[in-house]
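Chemist: Handing you this structure, nothing more for now.
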């Protein structure tokens, strides 16, 4: 887990590439923990074997690739299982936490700058550093300014939030937007199947909480207060 420092940022984009990314608004995010890598296929398989949960068909190309074909409900069940071991209390990041962390301290379109550069991520039809037809190992390519790998590309990542079509009335404290239990849930980051317009730090997407796709996974968050002295993660 990586400590993402507290800070302030402008969430969203006024570029016109996504009306659901507006209005741009100021958000203050307390420090929190976020996993350096996406949850891997091997980690998720351990959960499936231990609980008897139906296999999600996660990334057969290798255990160090991200878990995929994981629904929002699947991610929640994995987190409940993991929390049963004690220690950190894991959760999904809020949408605001996710964007703040993915930006890595940058206010640009991508965490490395305004111009798209294929060598930084795993997306659709890219060449060079992206040598994988689908998912890439979670520790491949370069991390962003907070030391997080594949926050853009590889697999879409679930967040805790209910999806709403704009940011009107969105919280300014980094918390998740709640709604009906059956609401569509927000995903961020784009995937191996997406083109550059979908791979920006501000891009939003959503699916029903029960849907599974081979380009959808997740990473873990935790509150700093849930970390006790002497724990090493």
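The values are calculated or read from the model by the stated rules, or taken from the named source; none is laboratory data. Quantities reported herein were computed from a predicted structural model and do not represent experimental measurements. No Cβ is skipped: glycine too gets one built from the backbone with ideal geometry, and neighbour counts run over all protein chains shown.
Residues are listed down the side, and each one gets a yes or a no for (1) modelled with pLDDT of 95 or more; (2) outside any loop (DSSP other than H, G, I, E, B); (3) closer than 17 Å to residue 32 by Cβ:
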residue: 172; (1), (2), (3): yes, no, yes
residue: 179; (1), (2), (3): no, no, no
residue: 190; (1), (2), (3): yes, no, no
residue: 206; (1), (2), (3): yes, yes, no
residue: 231; (1), (2), (3): no, no, yes
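Chemist: Pairs only if they're at least six apart or on different chains, beta carbon under 9 angstrom, first in the range 75-93 and more than 27 Å from residue 207 (Cα to Cα), second buried (at least 17 other Cβ atoms within 10 Å of the Cβ); list them, first residue then second.
Modeler: 87/227; 88/1; 88/33; 88/82; 88/220; 88/222; 88/227
Let's see how each residue does on (1) crowded, with 19+ Cβ neighbours inside 10 Å; (2) in contact (Cβ under 8 Å) with a residue 24 or more places away in the chain:
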position: 2; (1), (2): no, yes
position: 8; (1), (2): no, no
position: 14; (1), (2): no, no
position: 23; (1), (2): no, yes
position: 27; (1), (2): yes, yes
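Chemist: Given the criterion over 26 Å from residue 174 (Cα atoms) and either touching a helix residue (DSSP H, G or I) at 6+ places or on another chain (Cβ under 8 Å) or in a helix (DSSP H, G or I) (or both), identify the matching residue among 62, 76.
Modeler: The match here is 62.
Chemist: If you don't mind, another one. Under the condition of being surrounded by fewer than 19 Cβ atoms within 10 Å (Cβ to Cβ) and either part of a helix (DSSP H, G or I) or touching a helix residue (DSSP H, G or I) at 6+ places or on another chain (Cβ under 7 Å) (or both), which residue from the range 29-47 is modelled with the highest pLDDT?
Modeler: Going through the qualifying residues, I end up with 31.
Chemist: Ok, one more. Please give the number of the condition residue 153 fails out of (1) surrounded by 23 or more Cβ atoms within 10 Å (Cβ to Cβ); (2) at pLDDT below 95.
Modeler: Here residue 153 clears every test but (2).
Chemist: Okay, next question. Of the residues that sit in the range 54-79 and are out of contact with any strand residue (DSSP E or B) (no Cβ under 9 Å at 6 or more places or on another chain), at pLDDT below 85 and closer than 26 Å to residue 182 by Cα, which one is surrounded by the most Cβ atoms within 10 Å (Cβ to Cβ)?
Modeler: Filtering first and then ranking leaves 56.
Chemist: Another question about this same structure. Answer yes if at least one residue in the range 82-93 is assigned to a loop (DSSP other than H, G, I, E, B), more than 15 Å from the chain's Cα centre (by Cα), buried (at least 16 other Cβ atoms within 10 Å of the Cβ) and modelled with pLDDT under 95, and no otherwise.
Modeler: Yes, because at least one residue in the range 82-93 is assigned to a loop (DSSP other than H, G, I, E, B), more than 15 Å from the chain's Cα centre (by Cα), buried (at least 16 other Cβ atoms within 10 Å of the Cβ) and modelled with pLDDT under 95.
Chemist: While we're here: Go through 202, 140 for me and flag whichever is surrounded by fewer than 21 Cβ atoms within 10 Å (Cβ to Cβ) and either in contact with a helix residue (DSSP H, G or I) (Cβ under 7 Å, 6 or more places away or on another chain) or in a loop (DSSP other than H, G, I, E, B) (or both).
Modeler: Step by step, each of 202, 140 is checked, and only 140 is surrounded by fewer than 21 Cβ atoms within 10 Å (Cβ to Cβ) and either in contact with a helix residue (DSSP H, G or I) (Cβ under 7 Å, 6 or more places away or on another chain) or in a loop (DSSP other than H, G, I, E, B) (or both).
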